[in-house]
Amino acid sequence: MITQPFKAANAFIQALPLALSKNLRWFILVPFLANIALMALIYVVALSLFQSVLADFMGYLPDWMSFLHWFFNLIFGAVISVLLFFSFSVGVNILAAPFMAFLAEKVEEQETGKTFDDALSFEAILSIAGRTLQREFQKILYFLPRFILLLLLSFIPVVNVIASVLLLLFSMWMLALQFMDYAFDNNKIKFHDMRKALSAKPLLCWSFGGIVMLALTVPVLNLFVMPIAVVAATLLWVSVFRLEHGDFSALLNSSSGKR
């Protein structure tokens, strides 16, 4: 168990040159362009909404309270910033999910020699998009109630000390869950079964999520974190989970063939 943080770090060390290789580097370009386009769109919409809502709100206030304009500007700005970050994170994950699923497939093929049925075509992208959207919503439904509960606990004196630590660990766990999901999903492993497999190695998942969390705080690098994290997560699937839990997709195929 003590070696699990080193396995997570080693996966990222191996992932960077692999992600920049000739066969995989374009998977970095797609989410990068998606990040830029979505960020610009959300920024323009949020700025317009912010100015409109603030102007309407200030219109209800009497003239003598106009000095509070800076205060409400700060409050509305903070709320819009939180909504902006959440919308951006969810939007990028949904838009890039089919490409990240293909990236996980290509890494696993390159590392194991296994071949997947999906070829990179418009029909395949639509098929994978439907499947990954379902998984994204499963993750959102799993994340939101637990996050809200921990957030509420963080406002209770004394309890908030423990809640803050739990919130940090849960955020790291969710980052691991997010990026490891692609390889598990490609191998036809249900979301519940994936959570069970990952929960058996909490230190590995927290270490992986912690590395992603730190990388997300670095300007410019955070634009490329997604594909690199997917490659690292797939390498962990190949080296840890696939070996310990077996090639579930192969077992499913063989069992279906006997029927």
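The values are calculated or read from the model by the stated rules, or taken from the named source; none is laboratory data. Please read all numbers here as calculations on a predicted model, not as lab measurements. No Cβ is skipped: glycine too gets one built from the backbone with ideal geometry, and neighbour counts run over all protein chains shown.
So how many residues does region 199-245 have that are of a type in the set (A, V, I, L, M) and more than 24 Å from Leu24 (Cβ to Cβ)? Break it down into steps so the answer makes sense when it comes.
Initial filter on region 199-245 (of a type in the set (A, V, I, L, M)): 200, 203-204, 211-216, 218, 220-221, 223, 225-226, 228-233, 235-236, 238, 240, 243.
Add one more test, that the residue is more than 24 Å from Leu24 (Cβ to Cβ), and what stays is 200, 203.
So the count comes out to 2.
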Single residue of region 110-139 satisfying the filter (at pLDDT 70 or above and in a loop (DSSP other than H, G, I, E, B)) that is nearest to the chain's Cα centre (by Cα): Phe116
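Taking region 3-43 as the search range and keeping residues that are of a type in the set (Phe, Trp, Tyr) and modelled with pLDDT of 85 or more, which one is farthest from Ala101 (Cα to Cα)?
Here is the first cut: in region 3-43, the ones of a type in the set (Phe, Trp, Tyr) are 6, 12, 26-27, 32, 43.
Imposing the further condition that a residue be modelled with pLDDT of 85 or more reduces the set to 6, 12.
Working: Phe6: 25, Phe12: 18 Å.
Among them, the one singled out is Phe6.
Among the listed residues Ile189, Ile156, which satisfies the condition of being within 28 Å of Val231 (Cα to Cα), touching a helix residue (DSSP H, G or I) at 6+ places or on another chain (Cβ under 9 Å), of a type outside the set (D, E, K, R) and not in a helix (DSSP H, G or I)? Break it down into steps so the answer makes sense when it comes.
Working: Ile156 fails: within 28 Å of Val231 (Cα to Cα).
Exactly one of Ile189, Ile156 is within 28 Å of Val231 (Cα to Cα), touching a helix residue (DSSP H, G or I) at 6+ places or on another chain (Cβ under 9 Å), of a type outside the set (D, E, K, R) and not in a helix (DSSP H, G or I), namely Ile189.
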Condition met for Ser164 (free of Cβ contacts under 8 Å to residues at least 12 places away in the same chain, of a type outside the set (D, E, K, R), under 16 Å from Tyr142 (Cα atoms) and out of contact with any strand residue (DSSP E or B) (no Cβ under 9 Å at 6 or more places or on another chain)): no
Could you list, ordered by first residue, the pairs with Cβ atoms under 8 Å in which the first is in region 221-239 and charged (D, E, K, R) and the second is at pLDDT 95 or above and crowded, with 24+ Cβ neighbours inside 10 Å, at least 6 apart or interchain? none
Among the residues of region 221-241 satisfying the criterion of being surrounded by fewer than 22 Cβ atoms within 10 Å (Cβ to Cβ) and over 17 Å from the mean Cα position of the chain (by Cα), which is farthest from Phe6 (Cα to Cα)? Val238
